[in-house]
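Input: a single structure, listed below in structure tokens.
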Amino acid sequence: MEKISVIMPAYNAANSIKESILGVLNQQFTDYHLYVIDDASTDNTAEVVRPFIHDRLTYIRNEHNQGVAETRNIGIEAASGDYIAFCDSDDVWLPNKLSRQASILQTRRYDVVCSHYYTFEDDLKLIKNTRGADELIGYQDMLKSNWIGNLTGIYNQKRIGKVYQQKVGHEDYLMWLAVLQKARNGLAYCIPEPLACYRLSTHSLSGNKIRAADWQWRIYRQHLGLSYQKSCYLFATYL
């Protein structure tokens, strides 16, 4: 049984997934298992992944397209590690990501660890040097902004249990809110250095700011059941 389970959903990711896989396989920390879940891609994603399949990488293919939340959930269900981390098929981890996070998790002070990260465009042009929060992130902090980038987050599923994603916009944000509610002291520790690279694609679901704002409002009102007044306050801080 691996110490860390890494979940990588993929859909028509043939042009980017090799970089993402290598970012995981080249980790200094080696007690992990990577689960690549192909959401019924129609390109040659499977052909790109196949040469990497070995005892540290499991490839799962959905028979029908199910969307990113359910695809991640299939990986979460398959995961057997003490900790669960996520890397999408167009993002890239730096080699020391898991080793830095494991050293903090093993102190047993925190159940959730994330980090700052770089943001870059499809052509690998750097947009921002880093993005991140203060070292300690609480639930109320997360309500104001999604400080846990999904590609940097890792949580202790052995202690708090597996947390699944809902089929909604900002599904990762809603999951991390639920994780924080169960976490030791209700806190996440954010490593103040970039340990991953987020690809800002013009075609990504989260790239549309108007749609993302609508998703955020729906989370406040429909999924968290917050009052209109509190939702307006939080939405203003989000914008």
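Each value in this text was obtained by applying a stated rule to the coordinates, not by laboratory testing. Since we're looking at a predicted model, the values are computed, not measured. Here Cβ is always computed from backbone atoms with ideal geometry, including for glycine, and neighbour counts include all displayed protein chains.
Residue 209: which lysines have alpha carbons under 20 Å from its alpha carbon, excluding same-chain residues fewer than 8 sequence positions away?
128, 144, 167
Only bridges with both residues in segment 1-95 count here: give the DSSP antiparallel percent, nearest 5.
Details: 1 of 17 bridges.
The antiparallel fraction comes to roughly 5 percent.
Magnitude of the Cβ-charge dipole of the chain, K/R +1 and D/E -1, about the Cα centre, nearest 20 debye? Please list the in-between numbers first.
On the way: 26 positive and 26 negative charges, 174 e Å.
Result for the chain is approximately 840 debye, rounded to the nearest 20.
Pick out, in residue order, every one of the trypsin sites (Lys or Arg not before Pro) in segment 65-111 that is DSSP loop and has at most 13 other C-beta atoms within 10 Å; say none if there are none. Walk me through the intermediate numbers first.
Values: sites: 72, 97, 100, 108, 109; in loops: 108, 109.
Sparse-neighbourhood loop trypsin sites (Lys or Arg not before Pro): 108, 109.
Of all beta bridges DSSP finds with both residues in segment 37-192, what is the antiparallel percent, to the nearest 5?
Working: 12 of 18 bridges.
If we restrict to bridges inside segment 37-192, about 65 percent are antiparallel.
Add +1 for every Lys or Arg and -1 for every Asp or Glu among the other residues with Cβ under 13 Å from the Cβ of residue 167, and state the total. If you can, show how the numbers build up before the last one.
Values: positive: 72, 218; negative: 39, 70, 171, 172.
Around residue 167, the charge tally is -2.
Assuming R0 = 41 Å, can you tell me the calculated FRET efficiency for the pair residue 222 and residue 184, based on Cβ-Cβ distance, to the nearest 0.05? Spell out each step's value before the answer.
Working: r = 29 Å, r/R0 = 0.70.
With a Förster radius of 41 Å, E is 0.90.
Grab the DSSP H runs of the chain that are 4 residues or longer, score each as -39,500 (n - 2.57), total them, divide by all residues and round the 222 nm result to the nearest 500 deg cm²/dmol.
For the chain, the value works out to -9000 deg cm²/dmol.
Are there chymotrypsin sites (Phe, Trp or Tyr not before Pro) in segment 4-91 that DSSP puts in a loop and that have at most 16 other Cβ atoms within 10 Å, and which ones?
On the way: sites: 11, 29, 32, 35, 52, 59, 83, 86; in loops: 11, 29.
Qualifying residues, ordered by number: 29.
Name the residue farthest towards the positive end of the dipole of the chain from the options 198, 64, 153, assuming +1 on Cβ of Lys and Arg, -1 on Cβ of Asp and Glu, about the Cα centre.
153
Mind putting together the pair-distance distribution for the chain? All Cα pairs, 5 Å bins, whole percent per bin, short to long.
In whole percents, the pair-distance histogram is 1, 7, 14, 19, 21, 18, 12, 6, 2, 0, 0.
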